[in-house]
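What follows is one structure encoded as structure tokens, with my remarks underneath.
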Amino acid sequence: MQNRIQELRKQRRVTQQELADALSVSRQTIISLENGRYNASLLLAHRIAQYFETTIEAIFIFDEEETL
């Protein structure tokens, strides 16, 4: 699933490690999310949205063609 995490993180001038620390996840998780290799759980997606003060829908780009 595509997302805007890297774009939002860079707008805030936050490192991957700082974001990981704020979300209580590893830096590797942030890297995997940004590269689209890992889909966030609903709980993590909610925490990311809260961190960036926006909605889940504004961060994660749902492609109806993707398999569930």
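Every number in this text was worked out from the coordinates using simple rules, so none of it is lab data. As the structure is a prediction and not an experimental result, all values here were calculated from the model. Positions of Cβ are generated from backbone atoms using ideal geometry, with glycine treated the same way; all protein chains shown enter the neighbour counts.
Compute the relative contact order of the chain as a whole-number percentage, counting only Cα pairs closer than 8 Å that sit 6 or more residues apart in sequence. Could the numbers behind the result be given before it?
Numbers: 59 pairs, mean separation 28.5, N = 68.
Worked out over the chain, it gives 42 percent.
Under a point-charge model restricted to the Cβ atoms of Lys and Arg (+1) and Asp and Glu (-1), what is the dipole moment magnitude of the chain relative to its Cα centre, in debye to the nearest 20?
420 debye
For Asn3, which sequence-distant residues (separation of 5 or more, or a different chain) have an amide H within less than 5 Å of its own amide H, given hydrogens modelled in the peptide plane?
Those qualifying (amide H under 5 Å, at least 5 residues apart or on another chain) are Ile61.
What order, most packed first, do the peptides 8-16, 42-50 have when packing is the mean number of other Cβ atoms within 10 Å of each residue?
Working: 8-16: 13.6, 42-50: 15.1.
Put in order of decreasing packing, that is 42-50, 8-16.
Ignoring everything except DSSP H segments at least 4 long, calculate the 222 nm mean residue ellipticity for the chain; use -39,500 (n - 2.57) per segment, divide by total residues, nearest 500. Spell out each step's value before the answer.
Values: 5 runs with 37 residues, N = 68.
Mean residue ellipticity at 222 nm (helix-derived): -14000 deg cm²/dmol.
Say a site is exposed when it is one of the GluC sites (Glu not before Pro), sits in a DSSP loop, and has at most 11 other Cβ atoms within 10 Å; what is then the longest site-free stretch of the chain? Walk me through the intermediate numbers first.
Values: sites that count: Glu53, Glu64, Glu65, Glu66.
Longest site-free region, per DSSP loop and neighbour criteria: 1-52.
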